[in-house]
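Below: the structure, in structure tokens.
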Amino acid sequence: MDRDLTAIRAVETAFAAAIVWALYVLMSSGVLTDLSQEFGSWYSSKAEGVFAISVIDTSIKAPRLDRESLPLPRPLESATAPGEALDSAA
């Protein structure tokens with residue numbers, strides 16, 4: 001059992017050493033730098049405007065109303081005063 005675990009640990013160590021050596025070769029040749037620049041430009045083109053913040057004015061402002069813009073009917077202009085019209089009808 002201990003001999004099996006020792007063999008597995010040796011294989012894991014060999015794989016780890018191979019990965020470290022491969023990363024060293026890639027870093028020294030500049031391949032990882034080129035890949036990171038390509039990925040960075042691709043990601044920035046895909047994420048264009050995703051993180052943009054726009055400010056919307058949500059303040060409430062009362063409307064400025066003129067007498068002419070109100071939707072109220074205008075009173076009829078008559079020659080008689082309001083009180084005189086009631087007396088003549090009676």
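When residues in segment 15-31 are screened for being at pLDDT 95 or above and among the β-branched types (Val, Ile, Thr), 2 of them pass.
If we scan segment 61-83, do we find a residue that is assigned to a helix (DSSP H, G or I), out of contact with any helix residue (DSSP H, G or I) (no Cβ under 6 Å at 6 or more places or on another chain) and at pLDDT below 85? Yes, the conditions are met somewhere in segment 61-83. Taking segment 17-52, which residues are charged (D, E, K, R) and surrounded by fewer than 10 Cβ atoms within 10 Å (Cβ to Cβ)? Of everything in segment 17-52, those that are charged (D, E, K, R) and surrounded by fewer than 10 Cβ atoms within 10 Å (Cβ to Cβ) turn out to be LYS46, GLU48. Beta carbons closer than 6 Å, at least 6 apart along the sequence or on distinct chains, never pair a first residue in segment 7-25 that is aromatic (Phe, Trp, Tyr) with a second that is surrounded by fewer than 10 Cβ atoms within 10 Å (Cβ to Cβ) and part of a helix (DSSP H, G or I).
The values are calculated or read from the model by the stated rules, or taken from the named source; none is laboratory data. Predicted, not measured: the structure shown is a model, and the values here were computed from it. Note: ideal-geometry Cβ built from the backbone for every residue, glycine included; neighbour counts use all protein chains shown.
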